[in-house]
Amino acid sequence: MVAGTPKPKQRALGYLRISDKKQIEGESKHTQKEAILKYAEANNIKIVRWFFDEAKSGKNTEREQLQELLKTAIKMKGTIDFVIVYKMNRASRHLDSYIIGMRSVLAAKGIKVRSATETFDDSPMGNFMENLYVMVGQLDNENKRDVTTDNMVRLAKQGYWQHKPLRGYKMVKIKNSEGKDRPSMAKSVEAEQVTKILLRYNRGDIRQAELCRYATSIGFLGLNGKQITQEVAKKMIKQPVYAGYVCDKFTNYDLFQGKHEGLISPEVYEQNQIILKSKNKDYLLGLKHEKINNMYPLRRFMKCVGCGKYMTACAPSNSPRYFCARPSCRGTGSIMASTAHERFEQLLTEIEPKPSTLRLMKELLKRQSVKELGNINQDIAELRDKLDNLATLRTNTIKKFISGQISEQDKQEVIDSLDVEKLELSDELNSLEQQQTISEANIEYALNFMGNVAKQWSDASLSLKQTFQNLIFPAGFTLDIKNDKFIINEISPLYAVISDVSEAISAKNSTMVTSRRIELRLPG
């Protein structure tokens, strides 16, 4: 080269990236381009083409214009010397992604990356600094992510909703105590339908498949316009947000009171969870495994006279028995389960609910009847509306036939279909109207049954037996097997011993032992 001849310009591709519109005032497209041009001029480099990614994240290299830049660089191999960016964090904010997705691709074609505002070269220290600038961007991203996550956790625990709205809600902005807008939800046009579906399930007499059909009958369909699936119905039932809570990954799935209004009460939500579990076969199998056997309802309730602790039970030689297995109580004996149950039922024949308890039961039954009647009345009203709509459709179909808009065959097909639907609805309506008759006699029958304490316990399921016996005798009772008697130390204030036994108990310094060997040690 002749002395004094200008050094030929090197060639480069310029790359610009703006991550979001907020950045326009700081590292705008104009600012970045101006800095790159200044660097190129100072280093005798000509920018032959520009690439610009707008509103793109720097977490990876999967960006449209960056990929276009890499393709261009490969095609122009031998004619491009550099790719110049404003800062290394404009190239990438993730070191692994930068090395694999950008630098190695360019290096294979003899192209180097340079920053217009950061100094490094091809020396080992320069390579270190190049990586360091990218890592600084990565660290900044991770810090921002942590700060953002912390803010979202704080907002969630304050009751603000930061996700897409659930069916039945729409997104709104509400003011916090400082007057700043915060995200929440308000009821949408689907709110009433969602409430109806969850309240219908709350009655406990409907399966999820039937609930899906019920949702369709009130016009609530899936986003695809078809009937919702059982999985969708189950998610709706399990969603605490509908009870006015915020529960998500930001709250660690703990419940926090939300700023939005619930579509159902927390009580209804809790009841629905119980109903959902009671219909879950796997849950019930686990429950049966954990609870005591149906053969031994008095286990963990009946106490040993020797140590005062609960007895256990087993069936040696297929002979179910209660006994105390503790070494210190080996001489206390055992008793056949059937005999123990017979004795316990004999005890219950001498117990009856107090008059105040029966009055309370009667009031509760009446309230429950009114609640059930309200549900049935609502269903009846909906069925009658459907029947009215069918009648209107039938009339309109006949009018269309008379005016010549449809053929005789079309008319008949529509009317036949409507008549079949009418028959099905009429049968359902008739069934509900029969249930609508709730008489005082039914309530009196229930109260008479409640008065027969022994019959109640005998006919109950295992879980009800346990609940019932613990209700009447909250401290349990002691069984003296050798002397063949039960010893009762406490009875619920809701129940009382019948009069002749009560009088014997009230006698000074007396204990009463019935002919059935049941001793009641109760306060006089």
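The values are calculated or read from the model by the stated rules, or taken from the named source; none is laboratory data. Not measured: the values here are computed from a predicted model. So basically every Cβ, Gly included, is an ideal-geometry build from the backbone, and we count neighbours across all protein chains shown. Only protein heavy atoms, including side chains, enter the accessible area calculation; ligands, DNA and RNA are left aside. Shrake-Rupley method; radii C 1.70, N 1.55, O 1.52, S 1.80 Å.
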Accessible heavy-atom area order of 223, 364, highest first, probe of 1.4 Å: 223, 364
Hull shadow area, averaged, the stretch 48-188 [alpha-carbon convex hull, nm²]: 12.1 nm²
Amide H partners (placed H, <5 Å) of residue 496, local residues excluded: 352, 354
Rg to Rh quotient for the stretch 133-234, alpha carbon positions, Kirkwood Rh: 1.18
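Largest first, how would 484, 459 line up by accessible area (1.4 Å probe)? Let's see the in-between values first.
Working: 484 50, 459 85 Å².
Ranked from most to least accessible, the order is 459, 484.
Taking N as the number of residues in the stretch 33-113, what is its Cα Rg relative to 2.2 N^0.38 Å?
Taking the Cα Rg and dividing by 2.2 N^0.38 Å, one obtains 1.04.
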Amide H within-cut-off set for residue 52, under 5 Å, with H built and near neighbours excluded: 16
Inter-site label distance for residue 389 and residue 209 at 7 Å from Cα along Cβ, in nm: 2.4 nm
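What does the convex hull of the Cα atoms come to per residue for the stretch 308-356, in Å³?
108 Å³
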Rounded to whole Å, sorted largest first: equivalent-ellipsoid semi-axes of the stretch 197-283, Cα gyration tensor: 22, 16, 13
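Pull out the extension gain between residue 170 and residue 230, defined as 0.36 nm times the separation in residues minus the alpha carbon to alpha carbon distance; nm, one decimal. Kindly include the intermediate steps, with their values, before the conclusion.
Details: separation 60, 0.36 × 60 = 21.60 nm, distance 2.35 nm.
Between residue 170 and residue 230, full extension yields an extra 19.3 nm.
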Under 5 Å, built H, 5+ apart or other chain: amide partners of residue 485: 480
Largest-first ordering by accessible area, 1.4 Å probe, given options 197, 99: 99, 197
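Starting from 0.36 nm per residue, how many nanometres of slack lie between residue 409 and residue 462 once their C-alpha separation is accounted for? Working shown, then result.
Numbers: separation 53, 0.36 × 53 = 19.08 nm, distance 6.03 nm.
Here the segment from residue 409 to residue 462 would lengthen by 13.1 nm.
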Descending semi-axes in Å of the stretch 64-103, equivalent ellipsoid built from Cα gyration tensor: 19, 11, 9
³J(HN,Hα), Karplus 6.51/-1.76/1.60, whole Hz, each residue of the stretch 151-158, x for Gly, Pro: 5, 5, 4, 4, 5, 4, 6, 7
J(HN,Hα) series, the stretch 36-44, from Karplus relation 6.51 cos²θ - 1.76 cosθ + 1.60, nearest Hz, glycine and proline x: 5, 5, 5, 5, 4, 5, 5, 10, 6
Using θ = phi - 60° and Karplus 6.51 cos²θ - 1.76 cosθ + 1.60, couplings along the stretch 124-131 (whole Hz; Gly, Pro as x): x, 5, x, 4, 4, 5, 4, 5
Residue 157 paired with residue 7, simple spin-label distance in nm, labels 7 Å along Cα-to-beta-carbon: 5.9 nm
In Å², nearest 10: area of residue 420 left accessible to a 1.4 Å probe: 80 Å²
